[in-house]
Amino acid sequence: MKTITSFIIFSVLLVGNQVVAQSGKTVEDGQLTINVLLPGIIYEHGLSQNSTITAEATMGFAYRESDFVESGFGIFPIGRLQYRHYYNFDRRLDKGKRIAGNTGNYIAPTVAIQGGKAIIGDLEYVSDYFGALGAVYGLQRTGQKGFQFRFEVGPGYFFDEFESNFGIFLALKLGWVVSKK
């Protein structure tokens, strides 16, 4: 837990520095999105010209089939926090493409926490929680009617009470922007 706390403090200090250094945002001031594949809600708040902070509460799906332990599936609660830096807005505008709804490509340090007990399903983990720290490359596209597609991938450090290892963050989200400022 000390690792997560240190990462969050560092991120807040970094974000605070960016807010002072930038003005004239091209990102949305605030954007609320509802996910449909696995239910969830995302709030993205504009901080500087090309940067946002994103908080997400969603559900994750896990399935395990094994000859050694009991097979099962589960839907688990997940919380995520990201500091996104959109780096291609100028290029998109030069090509006559949209940037509304934070339509662009980004890089983002990411922190996530997942509960170890399934809300739905019979998959049981020994750990009470799972945590992850990492960085992702993402692309987000928001249509004129609010339909949103997002894809993220990147390296991550995953841990629980008993072990830790490195792996890959991978996310595919479909949803609708329900409110923008």
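Some notes on this structure:
- Per-region count, region 70-84, residues open to solvent by less than 80 Å² (accessible area, probe 1.4 Å) and outside any strand (DSSP E or B): 1
- Residues in region 141-181 that are basic (K, R) and under 16 Å from the mean Cα position of the chain (by Cα): R141, R150, K173.
- Boolean, T33 is touching a strand residue (DSSP E or B) at 6+ places or on another chain (Cβ under 6 Å) and over 22 Å from F166 (Cα atoms): yes
- Qualifying residue in region 94-107 (condition: farther than 22 Å from W176 by Cα and touching a residue at least 24 places away in the same chain (Cβ under 8 Å)): no
- Some residue of region 25-48 being assigned to a loop (DSSP other than H, G, I, E, B) and free of Cβ contacts under 8 Å to residues at least 12 places away in the same chain: no
- Applying the condition of being among the polar types (S, T, N, Q) and over 17 Å from the mean Cα position of the chain (by Cα) to region 51-82 and asking which residue is modelled with the highest pLDDT yields S71.
- In region 62-83, the residues that are within 20 Å of G156 (Cα to Cα) reach residues that are modelled with pLDDT under 75 and open to solvent by less than 80 Å² (accessible area, probe 1.4 Å) with C-beta atoms within less than 7 angstrom, at least six apart or across chains, in these pairs: Y83/S11; Y83/L14; Y83/V15.
- In region 113-136, the residues that are of a type outside the set (G, A, S) and open to solvent by less than 30 Å² (accessible area, probe 1.4 Å): L123, L133, V136
- Within region 137-165, the set of residues being over 17 Å from T103 (Cβ atoms) and open to solvent by less than 20 Å² (accessible area, probe 1.4 Å) comprises G154, G156.
- Considering region 85-97, and only residues there that are open to solvent by 50 Å² or more (accessible area, probe 1.4 Å) and of a type in the set (K, R), the residue that is farthest from Q140 (Cα to Cα) turns out to be K95.
The values are calculated or read from the model by the stated rules, or taken from the named source; none is laboratory data. Because the structure is predicted, anything quoted here is derived from the model rather than measured. Virtual Cβ from ideal backbone geometry, glycine too; neighbours counted across all protein chains shown. Accessible surface areas use protein heavy atoms only, side chains included; no ligands, DNA or RNA. Shrake-Rupley method; radii C 1.70, N 1.55, O 1.52, S 1.80 Å.
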